[in-house]
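For reference, the structure discussed in these notes is given below.
The values are calculated or read from the model by the stated rules, or taken from the named source; none is laboratory data. All values derive from a computational prediction rather than experimental measurement. For neighbour counting, all protein chains shown are included, and Cβ atoms are generated from backbone atoms with ideal geometry for every residue, glycine included. Only protein heavy atoms, including side chains, enter the accessible area calculation; ligands, DNA and RNA are left aside. Shrake-Rupley method; radii C 1.70, N 1.55, O 1.52, S 1.80 Å.
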Amino acid sequence: MSYAIQAEGLAKRFKETTALSGVDLAARTGTVLGVLGPNGAGKTTAVRILATLLRPDGGRALVGGHDVVKDAHAVRELIGLTGQYAAVDEMLTGHENLLMIGRLLGLPRREARARATRLLADFQLEDAGGRAAKTYSGGMRRRLDLAASLIGRPAVLFLDEPTTGLDPHSRNELWDLVRGLVDDGTTVLLTTQYLEEADRLADDIAVIDHGRVIANGTPDGLKEQVGGQVLQVRPLSGEELEKTYAIVSVLAGPAARTAAGAVTAPVNDPELMPAIVRALDEAGVRVSELTLRRSSLDEVFLSLTGQRGTVEVAA
């Protein structure tokens, strides 16, 4: 098995703040590694180190087999980076933005022009290529920014919360583009707070909190770690929600939670559900919903970090 990204023990401090404290990451070639974590967890710092924009205070990282400190130039020739905000020149047209990036990367003018034209078509910006970027919608700017990061045909692409601020339709379009890149062999490291995004795109996930990796695995594997199934109970009357929670928490333990008028609890014991049904019946609590379902990444995130991620339902 080959790895396009390997990081061991990455550490970084900013004065009194520890941004990374021994982070290990590994992305298999031709896959998407999703890096999840709340704001301030250290995700962007890790990306900046892997993209050679920051030097680590400790640890070691390889991208495409090259050390990000000792062989920084070789790493830069392999990678593309799209940050949280579109880094395009608003006064230039879409085509001019891409042509400029191509020339800065050392491409001959003819090749840079041809590459820009091809990427505008690939990203459905062909009709807008002659317009100033300031006239683009948010989704169009993000697509242009991603196209710019692909001018040099990177083998490894870093996407640092690339869909921040996009509407669900634009987010879906970007997801399709990312899957297409991976199908063509590109390795992607994606940081995100959108749990649906990680579930849809990531082959593997690393969860970072307070500068440390606190869990990693496939999306399904992480769901199994937290609890393969979740019991959800919704009382018929909202006034009985607190009573329902009290009953469920006694039997299921502190992992029971309330949200949106329902009580949820991970199910690791097949006897838990019938026991809760009996207890609710004995207490005279009537329910409108009693379901058993798989854990969601939101529940994984909450269980691991104590915070809810951002759940965006695609339109």
Among L159, A202, T135 - extreme Cα towards positive end, dipole of the chain, charges at beta-carbon: T135
Approximate shape of the chain as ellipsoid semi-axes (Cα gyration tensor, √5λ), whole Å, largest first: 43, 23, 15
R109 paired with Q124, simple spin-label distance in nm, labels 7 Å along Cα-to-beta-carbon: 3.4 nm
Choice from V178, V233, V69 with maximal GNM fluctuation in the chain (Cα, 10 Å cutoff): V233
I214-T117 pseudo-label distance in nm [points 7 Å out on the Cα-to-Cβ vector]: 5.2 nm
Prolate/oblate/rounded call for segment 88-206, Cα gyration tensor, a/c under 1.5 rounded: oblate
Prolate/oblate/rounded call for segment 1-73, Cα gyration tensor, a/c under 1.5 rounded: oblate
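Counting only helical runs of four or more DSSP H residues, what would the 222 nm mean residue ellipticity of the chain come to if each run contributes -39,500 (n - 2.57) and the total is spread over all its residues? Mind dumping the intermediate values first?
Numbers: 11 runs with 113 residues, N = 315.
Per the formula, -10500 deg cm²/dmol.
Given Cβ point charges of +1 (Lys, Arg) and -1 (Asp, Glu) and nothing else, what value in debye, to the nearest 20, does the dipole of the chain about its Cα centre take?
Details: 35 positive and 41 negative charges, 229 e Å.
For the chain, the charge dipole is close to 1100 debye.
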The chain: angle of helix 168-183 to the longest principal axis, Cα-based, in degrees nearest 10: 70 degrees
Reachable lysines from K223, criterion Cα separation under 23 angstrom, eight or more residues apart if same chain: K43
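At 1.4 Å probe size, put E90, E224 in order of accessible surface, largest to smallest.
On the way: E90 80, E224 110 Å².
Ranked from most to least accessible, the order is E224, E90.
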Degrees separating the helix 109-122 axis from the principal Cα axis of the chain, which is the longest one: 30 degrees
J(HN,Hα) series, segment 98-107, from Karplus relation 6.51 cos²θ - 1.76 cosθ + 1.60, nearest Hz, glycine and proline x: 5, 4, 4, 4, x, 5, 5, 7, x, 6
Solvent-accessible area per residue for the chain (1.4 angstrom probe, square angstrom): 48 Å²
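Rounded to the nearest 20 Debye, what is the dipole magnitude of segment 9-124 about its Cα centre when Lys and Arg each give +1 and Asp and Glu each give -1 at the C-beta? If you can, show how the numbers build up before the last one.
Values: 16 positive and 11 negative charges, 36 e Å.
Roughly 180 debye for segment 9-124.
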Accessible area of segment 29-153 belonging to carbon and sulfur atoms, whole % at 1.4 Å probe: 50 percent
Residues D67 and N172, FRET efficiency given R0 of 45 Å [Cβ-Cβ distance, rounded to 0.05]: 0.75
